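Report on the following structure.
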Amino acid sequence: MIINLSATPPTSSSTSVISSSSLIKLLNSRSPKTHLSKSSLSFSTSFLSTNNNNQFFHQKRKNPHRKSDSFQSYAIPGLEFGALESAKSVLEASGVLAAIIIVHESGHFLAATLQGIHVSKFAVGFGPVLAKFNAANVEYSIRAFPLGGFVGFPDNDPNSDIPVDDKNLLKNRPIFDRVVVISAGVIANIIFAYTIIFVQVLSVGLPVQEAFPGVLVPDVRPLSAAARDGLLAGDVIRTVNGFELPKTGSTSVSRLVEVIKNNPGKNVSLRVARGDKDVEIGITPDESVDGTGRIGVQLSPNVKISKVKPKNIAEAFNFSSHEFMGLSANVVDGLKQTFFNFSQTASKVSGPIAIIAVGAEVARSNSDGLFQFAAILNINLAVLNILPLPALDGGSLALLLIEAARGGKKIPQEVEQGIQGSGIMLVLLLGLVLIVRDTLNLDFIKELFL
């Protein structure tokens, strides 16, 4: 699972990218066993809004029927991935992530089993097996590396006692049957995303936010530069070095972050609204290990949040559909930004550690935010996996289209193995690198080396 935490507003996403890869139909070059949908969840977060500590925030127009505004991420100096302070919130975020992977793989699994196709494995994670059990000739396992999951098929397994010409092996099924199995993971995530939004609409309503000038300070870390120089939780920063912060959340937060990062050890002048008074404060940002400034706060756009609930079931479907379409459009736009500006966004690509950190901060600050956090991850995974790239569901579909164009003549197994296997290895390598990097970027890890 890969996610893009970009500090700049999207013009158009992974992870996120999120860059998630459902590594589909893995024909492992080491082993001839067939695996379907190695889903490395990738996710682009130009549509995640993370107040400083990656606190989740949804900028939304007053009218809930209109298209949702972009989700954006704001990387606050020194608080890039949140503090992971609450074990409960970490477990909630991890549960969301695991549920999305399980739903995706369950789509493939059910599409195969309901058609009578043989399935041999269902795994969450990759690599060494941590725990497993067998039921109905299927091995269910949890594995060491939390980069996604896969469904395995016994098509080319030399240890299988199923005849190679068995009509219920995936490779022996008509192209349409295989298309259904490969597409089912994406379809499952789309259905799950819509269901999450629908439940949110019925249970807590949709968040509607009215923007005001300035940047809100929800929290100030003890012993930080902000605490030392007099900034308080609940303050609203109106100006920074004389620059008026407008009510456009992304512009205001990004501008403030830029000034703080660019001025380590230098005085930054703030005019703060505190209750009915305006207060002038001078803050000297501490210097982070990367040389940028940090003041130890959470920041968020200054908004008033209300909830809109539907009057009847028809309105609930209407609200849910508009919200789903708006979030989907934001995901697609975010992914476009990531792919078309990859040289600029590559450093923002992050993995499962960052996603869990963001989700934990969402859960800690506002449990309602987990609904949209989960919905966005599902949509992102679905959109990414449909792309015609090696190791993704879309890449496997592209190979099936080539097979169909060849009149049903199968692509040589070694060629398919080479294409899919190389893509899978790249995604796994990237995922492992990002796990290490994201872990080192966590605040409490950084502080160990200060």
Subject >> helices (runs of 4 or more DSSP H) wholly inside the range 388-450 containing at least 3 residues that are modelled with pLDDT under 80, in contact with a Ser or Thr (Cβ under 8 Å, 6 or more places away or on another chain) and among the aliphatic types (A, V, I, L, M) >> reply: 413-441
**OP:** Run down THR338, THR284, THR251 and say which single residue is under 24 Å from LEU232 (Cα atoms), out of contact with any Gly (no Cβ under 8 Å at 6 or more places or on another chain) and among the hydroxyl-bearing types (Ser, Thr, Tyr).
**Re:** THR251
Original post:
Within the range 189-205, is there a residue that is in contact with a strand residue (DSSP E or B) (Cβ under 9 Å, 6 or more places away or on another chain) and either within 25 Å of GLY408 (Cβ to Cβ) or assigned to a strand (DSSP E or B) (or both)?
Top reply: no
Original post:
Restricting attention to the range 143-163, which residues are touching a strand residue (DSSP E or B) at 6+ places or on another chain (Cβ under 7 Å) and not polar (S, T, N, Q)?
Top reply: ARG143, ALA144, PHE145, PRO146, LEU147, GLY148, GLY149, PHE150, VAL151, GLY152, PHE153, ASP155
Original post:
Any idea how many residues of the range 121-142 are in contact with a Gly (Cβ under 9 Å, 6 or more places away or on another chain), aliphatic (A, V, I, L, M) and open to solvent by 30 Å² or more (accessible area, probe 1.4 Å)?
Top reply: 2
**OP:** For the range 151-171, state whether one or more residues are in a helix (DSSP H, G or I), farther than 26 Å from LEU377 by Cα, hydrophobic (A, V, I, L, M, F, W, C) and over 21 Å from the mean Cα position of the chain (by Cα).
**Re:** yes
**OP:** For LEU381, indicate whether it is closer than 19 Å to ILE182 by Cβ and within 16 Å of the chain's Cα centre (by Cα).
**Re:** yes
Subject >> Per-region count, the range 143-167, residues β-branched (Val, Ile, Thr), within 23 Å of GLU403 (Cα to Cα) and open to solvent by 30 Å² or more (accessible area, probe 1.4 Å) >> reply: 1
Original post:
Only one of (1) surrounded by fewer than 21 Cβ atoms within 10 Å (Cβ to Cβ); (2) touching a Leu at 6+ places or on another chain (Cβ under 9 Å) is not met by THR195, so which one is it?
Top reply: (2)
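Restricting to the range 221-267, and then to whatever is assigned to a loop (DSSP other than H, G, I, E, B) and of a type in the set (Asp, Glu), can you tell me which residue is farthest from THR292 (Cα to Cα)? If you could, list the steps in order and put the result at the bottom.
Let us first name the residues in the range 221-267 that are assigned to a loop (DSSP other than H, G, I, E, B), namely 221-224, 229-235, 241-242, 245-248, 262-267.
Going one step further and asking which of them are of a type in the set (Asp, Glu), we end up with 229, 235.
Details: ASP229: 18, ASP235: 23 Å.
The extreme case among them is ASP235.
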Original post:
Has the range 168-189 got at least one residue that is over 16 Å from VAL297 (Cβ atoms), open to solvent by less than 60 Å² (accessible area, probe 1.4 Å), hydroxyl-bearing (Ser, Thr, Tyr) and at pLDDT 90 or above?
Top reply: yes
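The values are calculated or read from the model by the stated rules, or taken from the named source; none is laboratory data. Note that the structure is a prediction, hence the values are computed from the model and not measured. Cβ sites come from the backbone with ideal geometry, for glycine too, and all protein chains shown count toward neighbours. Please note that ligands, DNA and RNA were not included when accessible areas were found on the heavy atoms of the full protein model with its side chains. Shrake-Rupley method; radii C 1.70, N 1.55, O 1.52, S 1.80 Å.
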